[in-house]
Amino acid sequence: MQCYMHDSAYHETPKGSCLESVKIAIDTGYRHIDGAFVYFNEHEVGQAIREKIAEGRIKREDIFYCGKLWNTCHPPELVRPTLEKTLKILQLDYVDLYIIELPMAFKPGDALYPKDENGKFIYHETDLCATWEAMEACKDAGLAKSIGVSNFNRRQLEMILNKPGLKHKPVSNQVECHPYFTQPKLLEFCRQHDIVIVGYSPLGTSRDETWVNVSSPPLLKDPVLNAIGKKYNKTAAQVALRFSIQRGVVVIPKSFNPQRIRENFQIFDFSLTDEEMKEIAALNKNVRYVELLMWRDHPEYPFSDEY
């Protein structure tokens, strides 16, 4: 389950809605919670987890919490203090997974989206391998059980994997992945290196033109997904999630709607045939919804490469 909302950058969730959503999700059976400092709701997520532990509903070790290192915190000396700040907000002793949210460094400081007087983003030159070494130190210190990356392309992953003296390789790479953007080459590369693909926007995404490429139609209106859904008495969303899971992709659907939170979980009582899997895979358009074009001039912008 993801507890956040996107904006042209990221957008704060309405106060309290995240707390309630996480509690409903935990009661439903979700155990993987995907968060980030820049979602501004980690205090609510932490509170929900602690309340459910106090109720005796779960133990801390039942929950798999993923936190993220933001772009302004890439310099190695900032990595551990940033994670410690996240843990303080969550009021937890460790995160289960800590990932570099994007391979693009921004100027460090209080502004999450630093801009100059002309409104241009201020980037920062850092070495992803040095950032990774600081991530490894967080794992060694027990602050994160495992470490990974997000929105890294093959070249950027190889930079880490081939780093001299690598102690811990990334366990996961969180990227956009769904039937219209199936990422077959990146998926295969990650499989070869035992890196799990975690798919964000597994149901497509909102139609907000300020940050979404709306040239692709809405995923959940797709006739193939809906026809297969009818056969199993499932929604197009449930079929899309089932497709990803059967391909070995971890999904993190986002919802604040209690009914949909529950629906998104009801995908373990049916499976798609090989034929249906092929039919859905054929829907791939190789076009992203989330292109992050506002940062395409960044030297480490990840989406210029083929994969």
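The values are calculated or read from the model by the stated rules, or taken from the named source; none is laboratory data. Treat the numbers as computed from the prediction; the structure is a model and nothing was measured. Glycine gets a Cβ as well: all are built from the backbone with ideal geometry, and neighbour counts include every protein chain shown. To get the accessible areas, we keep the full protein, side chains included, count just its heavy atoms, and leave off ligands, DNA and RNA. Shrake-Rupley method; radii C 1.70, N 1.55, O 1.52, S 1.80 Å.
Within the range 230-250, the residues that satisfy the criterion of being free of Cβ contacts under 8 Å to residues at least 60 places away in the same chain and of a type in the set (Ser, Thr, Tyr) are TYR232, THR235. Among the residues making up the range 32-57, those that are surrounded by 15 or more Cβ atoms within 10 Å (Cβ to Cβ) and in a loop (DSSP other than H, G, I, E, B) are GLY35, ALA36, PHE40, ASN41. Criterion applied to ASN286, ASN213, ASN233 was being out of contact with any strand residue (DSSP E or B) (no Cβ under 8 Å at 6 or more places or on another chain), at positive phi and not aromatic (Phe, Trp, Tyr), and the one residue passing it is ASN233. For LEU187, the conditions (1) assigned to a helix (DSSP H, G or I); (2) of a type in the set (A, V, I, L, M, F, W, C); (3) over 16 Å from the mean Cα position of the chain (by Cα) all hold with the exception of (3). Look at the range 131-144: where a residue is closer than 15 Å to TYR65 by Cα, no partner that is among the acidic types (Asp, Glu) and modelled with pLDDT of 95 or more sits 6+ places away or on another chain with Cβ atoms under 6 Å. On the stretch given as the range 158-184, residues that are open to solvent by less than 20 Å² (accessible area, probe 1.4 Å), over 16 Å from the mean Cα position of the chain (by Cα) and not charged (D, E, K, R) total 3.
Looking only at residues of the range 259-279 that are assigned to a helix (DSSP H, G or I) and out of contact with any Ser or Thr (no Cβ under 8 Å at 6 or more places or on another chain), we find that the one that is farthest from VAL22 (Cα to Cα) is GLU275. Report yes if some residue within the range 284-293 is at pLDDT 95 or above and farther than 20 Å from GLN174 by Cα; otherwise report no. The answer is no; no qualifying residue exists. Screening the range 194-238 for residues that are within 30 Å of HIS168 (Cα to Cα) and open to solvent by 60 Å² or more (accessible area, probe 1.4 Å) and picking the one that is farthest from the chain's Cα centre (by Cα) gives ASP194. If only residues of the range 114-157 that are closer than 17 Å to VAL79 by Cβ and acidic (Asp, Glu) are counted, the one that is nearest to the chain's Cα centre (by Cα) is GLU136. Screening ARG155 with (1) touching a Phe, Trp or Tyr at 6+ places or on another chain (Cβ under 7 Å); (2) touching a residue at least 40 places away in the same chain (Cβ under 8 Å); (3) of a type outside the set (Asp, Glu) gives one miss only, at (1).
Kindly check whether there is at least one residue in the range 37-50 that is at pLDDT 95 or above, in contact with a Cys (Cβ under 7 Å, 6 or more places away or on another chain) and under 19 Å from VAL250 (Cβ atoms). Yes, the range 37-50 contains a residue that is at pLDDT 95 or above, in contact with a Cys (Cβ under 7 Å, 6 or more places away or on another chain) and under 19 Å from VAL250 (Cβ atoms). Considering (1) at pLDDT 95 or above; (2) charged (D, E, K, R); (3) open to solvent by 80 Å² or more (accessible area, probe 1.4 Å), the lone condition that LYS254 does not fulfil carries the number (1).
Aliphatic (A, V, I, L, M) and surrounded by 15 or more Cβ atoms within 10 Å (Cβ to Cβ): does that describe VAL287? The answer is no for VAL287. Within the range 190-210, the set of residues being touching a strand residue (DSSP E or B) at 6+ places or on another chain (Cβ under 6 Å) and outside any strand (DSSP E or B) comprises CYS190, ILE195, SER201.
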